[in-house]
Amino acid sequence: MNRHELLEWLRTDDPRSLQRLWRLADAARKKHVGDAVHLRGLLEISNYCSRACWYCGLRGGRRGLKRYRMTRAEIEACVRQLAAFGYGTVVLQSGEDPGLAPERISRLVAWIKAHTALAVTLSLGEQPRAVLRQWREAGADRYLLRIETTNRRLLARIHPGEPHGSRMTQLRWLRQLGYEVGSGIMVGIPGQTYDMLVKDLLWFKTMDLDMIGIGPFIPHPDTPLFALRRKKPPAPGQVPATEIMVNKVVALARLMCPEANLPATTALASINAVSGREQALSHGANVVMPNVTPQQYRVLYDIYPGKACVSETAEVCHACIRRRIEKLGRTIGSGPGGRVKRKSGVR
Ligand code: 5AD
Ligand code: FES
């Protein structure tokens with residue numbers, strides 16, 4: 001698909017065209033990754049963060065948010081629980097927490113690999129190459145680091161203090177170290193245009209990403225982007241942070257990268273609690289990340305307001321997600337659910 005076609009899909013509101021897009025994406029999903037929906041247990045191990053991203057409620061400068069860091073025993077208990085649920089992957093996520101010693105993560109990863117059959121995905125922000133290597137050597141299989149937007153100016157603006165090009169460099173390192181690499185974007189960031197989304201989609205393909213997380217931007221009142229959005233009216237070419245727009249990007253990502261794992265994101269479930277995940281699963285997505293974080297911490301992992309599942313327990317989410325997937329006529333994936341191999345075997 002070329003630039004022009006992508007732009008046309010992103011701009012269309014014609015219901016018949018959209019039906020066609022949904023059908024094409026769903027067929028590509030079925031053909032390339034099948035009916036299985038893979039479940040990844042998401043464990044939010046710490047909400048400390050030393051960065052100051054303009055969109056994120058965990059940003060270091062924010063006052064009034066109680067911070068937590070889960071203990072090793074708490075993490076182990078959650079890992080055992082999600083393995084018992086039958087999930088194939090644990091995702092360990094946190095802010096960029098200087099209090100989480102790399103060694104500690106290595107030991108934890110090694111323990112998970114020794115005691116369970118789980119794939120381990122890390123989502124712990126930007127890290128030195130030596131640390132990424134150490135974690136990989138300890139047994140980590142995958143790493144998630146969203147680029148958020150590939151537009152350099154917008155990227156620099158919402159990530160103050162981040163060295164130019166550092167996320168791209170990180171993603172390259174992850175690939176070199178043999179991780180399965182996940183990235184993704186937020187849709188509807190203030191200042192994001194349709195043309196930028198087209199470039200993001202082309203970039204997904206160039207990067208041959210194994211996983212692509214796509215969710216709506218949700219303004220958090222304690223962040224600079226919220227204030228900015230209120231002060232300045234949206235520019236004429238602004239992409240809306242709507243469910244339909246996110247679904248279009250998910251569908252197009254499926255068509256651009258037919259074999260990638262695409263989650264129906266929590267952010268999407270947060271803007272539509274009734275059917276946000278189902279919509280994405282019907283329009284190209286094939287992964288769900290049920291939250292397994294203990295209840296007392298969920299509410300503190302306050303990335304954006306109205307986050308889905310903050311008052312539920314892991315058991316409740318587990319039953320809820322199973323029911324939703326079965327109702328769609330899809331099956332629950334078994335095993336780690338890694339990237340499917342391309343026939344030619346080359347990247
Ligand atoms: N709205 C939507 N998504 C957000 N994230 C962080 N803050 C927000 C927000 N305000 C997403 C980012 C990040 C992921 C962990 O959560 O894409 O990579
Ligand atoms: Fe958490 Fe439905 S997935 S309540």
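The values are calculated or read from the model by the stated rules, or taken from the named source; none is laboratory data. Since the model is a prediction, treat every value here as computed from it, not as a measurement. A quick note on method: Cβ atoms are made from the backbone with ideal geometry, for glycine too, and the neighbour counts reach across all protein chains shown. Just so you know, the surface numbers come from the protein's heavy atoms only, side chains and all, with ligands and any DNA or RNA stripped out. Shrake-Rupley method; radii C 1.70, N 1.55, O 1.52, S 1.80 Å.
Geometric descriptor of the chain, per residue, is 130 Å³ (volume of the convex hull of the Cα atoms). Among Q170, I112, G213, which residue has its Cα furthest toward the positive end of the charge dipole of the range 109-214, with +1 on Lys/Arg Cβ and -1 on Asp/Glu Cβ? Value computed over the given set: Q170. In summary, the lysines within cross-link reach of K307, defined as a Cα separation below 20 angstrom excluding same-chain residues under 8 places away, comprise K66. In the context of the full set of protein chains, the range 240-337 has a per residue accessible area of 35 Å² (1.4 Å probe). Normalised by 2.2 N^0.38 Å, with N the number of residues, the alpha-carbon radius of gyration of the range 176-256 equals 1.21. Label point of M1 set 7 angstrom out along Cα-Cβ; within the range 256-270, amide nitrogens under 14 Å from it belong to 256-260. Given their separation in residues at 0.36 nm each and the Cα-Cα distance between them, D208 and S166 gain 13.3 nm when the chain is fully extended. Less than 5 angstrom separates the built amide H of N261 from those of M211, I212, all sequence-distant by 5 or more or on a different chain.
Relative to the current alpha-carbon distance between A114 and A36, full extension at 0.36 nm per residue lengthens the span by 25.4 nm. What the Cβ-Cβ distance of A77 and D222 gives, at R0 = 30 Å and to the nearest 0.05, is a FRET efficiency of 0.45. Cross-link pairs exceeding 28 Å in C-alpha to C-alpha distance, out of K205/K248; K199/K327; K205/K231; K113/K248, comprise K199/K327; K205/K231; K113/K248. Take every DSSP beta bridge whose two residues both sit in the range 173-272; close to 10 percent of them are antiparallel. Partner aspartates and glutamates whose Cα lies under 20 Å from the Cα of K30, excluding those fewer than 8 positions away in the same chain, are identified as D208, D210, E259, E278, E326. Within the listed set A77, A156, A25, the residue fluctuating most in the Gaussian network model of the chain (springs between alpha-carbon atoms under 10 angstrom) is A77.
Is it possible to state the helix-based mean residue ellipticity at 222 nm for the chain, with each DSSP H run of 4+ residues giving -39500 (n - 2.57), the sum divided by total residues, to the nearest 500 deg cm²/dmol? What is it?
Taken over the chain, the calculation gives -13000 deg cm²/dmol.
The distance between label points at S334 and K232 comes to 5.3 nm (points 7 Å beyond Cα on the Cα→Cβ vector). All other residues whose Cβ lies under 12 angstrom from that of V299 are scored, Lys and Arg at +1 and Asp and Glu at -1, for a net of 0. In plain terms, if you count all Cα to Cα distances in the range 148-287 and split them into 10 Å steps from zero, the share in each step is 12, 40, 37, 11, 0 percent. Split the accessible area of the chain by element, probe 1.4 Å, and carbon with sulfur accounts for 54%. Each label point was placed 7 Å from the Cα along the Cα-to-Cβ direction; for R69 and Q176 their separation is 2.9 nm. Legend note: in the chain, cysteines whose Cβ sits 4.7 Å or more from every other cysteine Cβ are C49, C78, C257, C309, C317, C320.
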